Amino acid sequence: MPLRSDCPLFLKPRLRLFLSADIVGSTALKQSQVITLRDKESKDDTPWFSIIQGFYIEAQLAFFSAWRDSTKKVISSESLCGPPPELWKTVGDEILFTKVLTDYRQLSLALECWISALGKIRSFLKRNDNRLDVKATAWIAGFPVKNKDVVSVKSGSLLSADPQDYFVESGIILNEYYTDPGASKASIDFVGPSVDVGFRLASHASARRFVVSVGIPYILSLTTPDDDALDQEIKFHFGGAIPLKGVFGGLPYPLFWIDMGESGTAATLEDRLTGDKPCDPRDVQKYCAAFYREQTSYTFRPFILEDGEHKLTIVPDWYVEKLDKLIENFLNPPTLITEGEDPEEPAFEGKIVAAVEIAAALNLTTSPPDEETK
């Protein structure tokens, strides 16, 4: 699919990988360490806080360090590595990262780095309290059709006081963000059906089961040992297909997972008794391809326009039309004329104005109270 030359940056199709790590046992830890206000000997009323804060810091250090070390080993780093992963956000005891995939082979490298980071995160938690552990989830989502970037602006500036078109208004800021993320004052969030599926999958993860969305084993099944920089092949287990609450139309969704258990433990030795073993990549590819073929009402095969190996470049027929409409709606938005307006007047330009300017215009600037009003 050739991309239109006038396609705004924020509407350029992107495939994103999302990675989540969540502390197991944190609620019980916080409740067990509740200290009453009468305990005068205690120097810290929240002894669990340092662990939570440390988890955030250690997770970032571990993941970014693993990524940096791995990319140094890759010869063709531009295609096999692509853009580095970024911190998405933290939610309670959970930390999330995202990475744009510009080549299908980047997924294997990113997952290898993430698995390495999870091992270090687990060690950190166990050193502080042996009852703690970490569970992980990963999923992919395609943008801007089906899933969307959501923009919010940090203090100091905001959207126009009376925006006429929220899509155009946010698109202006998103374009600035993708042009120079470091200089942008915008915060980006991600929403959509694929993102919802990812969060639903997280409820099925455990310290041993690193649960992933169906697109991840599908893409990795296309990767051969000669294609990537993996030190070892990532193997998937299959936990059946089950409905996920509120998503995917209530239809069964495949549960693939990566084994994060330590060898020799009762849990892993139990697999010999139950017969559970990793899936054959060829079977995974056939199953996932059939799943995408049969569930076109809710999903489609992931694609990457820049994929140099052309393994993931097939775009659904309807996608081009929907993307063209988004581009046209941004470049040529419909003119909104409210009652009493002169249609000959210039259309609303949707400029971003400083918050302080609006506050000043409305006499809302903050100043010390007069003596009479104190």
Query - Distant-in-sequence amide H partners of Gly239 (H built 1.01 Å from N, under 5 Å) - result: Leu255, Phe256, Trp257
Report task. Determine which lysines satisfy two conditions relative to Lys148: a Cα distance under 18 Å, and not lying fewer than 8 residues away in the same chain. Result -> Lys12, Lys89, Lys99, Lys322, Lys325
Report summary line: Across segment 164-299, qualifying lysine pairs (alpha carbons under 29 Å, at least 8 places apart or different chains) come out at 6
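Which loop-located trypsin sites (Lys or Arg not before Pro) does segment 189-292 contain, where loop means any DSSP state but H, G, I, E or B and the Cβ has at most 14 other Cβ atoms within 10 Å?
Details: sites: Arg200, Arg208, Arg209, Lys235, Lys245, Arg272, Arg282, Lys286; in loops: Arg208, Lys235, Lys245.
Here the trypsin sites (Lys or Arg not before Pro) that fit, given the DSSP loop and packing criteria, are Lys245.
Would you order Leu96, Leu9, Leu174 from fewest to most other beta-carbon atoms within 10 Å of each residue's own beta-carbon? Spell out each step's value before the answer.
On the way: Leu96 20, Leu9 12, Leu174 23.
Listing Leu96, Leu9, Leu174 from fewest to most nearby Cβ atoms yields Leu9, Leu96, Leu174.
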**Report entry** Relative contact order for segment 217-324, counting Cα pairs under 8 Å that sit 6 or more residues apart, in percent
**Finding:** 23 percent
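If the viscosity is 0.692 mPa s and the temperature 37 °C, what translational diffusion coefficient in µm²/s does Stokes-Einstein give for segment 163-322 when Rh comes from Kirkwood over Cα pairs?
176 µm²/s
Laboratory data are not the source of any read-out in this text; all were calculated from the coordinates shown. Just so it is clear, the model here is predicted, and its values are computed rather than measured. No Cβ is skipped: glycine too gets one built from the backbone with ideal geometry, and neighbour counts run over all protein chains shown.
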